[in-house]
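Reviewing the structure listed below.
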Amino acid sequence: MIQAMAAPFSQIRFMPTGGINADNAGDYLASPKVLCCGGSWMVKKNLIQEKDFDKIEQLVREAAAIRKEVFPWAKPLLVQPTTVSFSNAMILL
C-alpha cells in the first residue's frame, strides 16, 4: 500500500502508525519509502494503568531488536526514560 501511495511522491518518506505491530514492523521499516513506524502495541493503555513498566520495557526492547535486525549497521538510539511518550512509541531510524 505504501509503495503504491509513494509512487508519485519520489522525495517523500512515510511514517505509518495504524496497524503496525511486532509482526509487521520489520516489513514496513525495510521499505525505502518508510522513515519510521509508530507502534502503540508497545505502550497499551492497560499496561500504563497497571504500571507494568517492565512489560512496556520488554516490548520496546523487542521493537528495538526489530530495528536492529532490519538495520544492523545503525547506531543504537539513546533515549532518556523521562522523554518517552506513552501515547505512542516510535521505532526511529
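For this structure, a couple of remarks:
- For residue 33, the lysines whose Cα falls under 22 Å of its own Cα, not counting residues fewer than eight places away in the same chain, are 68, 75.
- Per-residue extension of 0.36 nm, minus the Cα-Cα distance of residue 62 and residue 23, leaves a gain of 13.0 nm for this segment.
- Ordering of 3-11, 19-27, 33-41, 47-55 by packing is 33-41, 19-27, 47-55, 3-11, highest average first (other Cβ atoms within 10 Å, averaged per residue).
Every number here is computed from the coordinates shown, using simple stated rules; none is lab data. Nothing here was measured: the structure is a model prediction, and the numbers come from that model. Cβ coordinates were reconstructed from backbone atoms using ideal geometry, including for glycine residues, and neighbour counts include every protein chain displayed.
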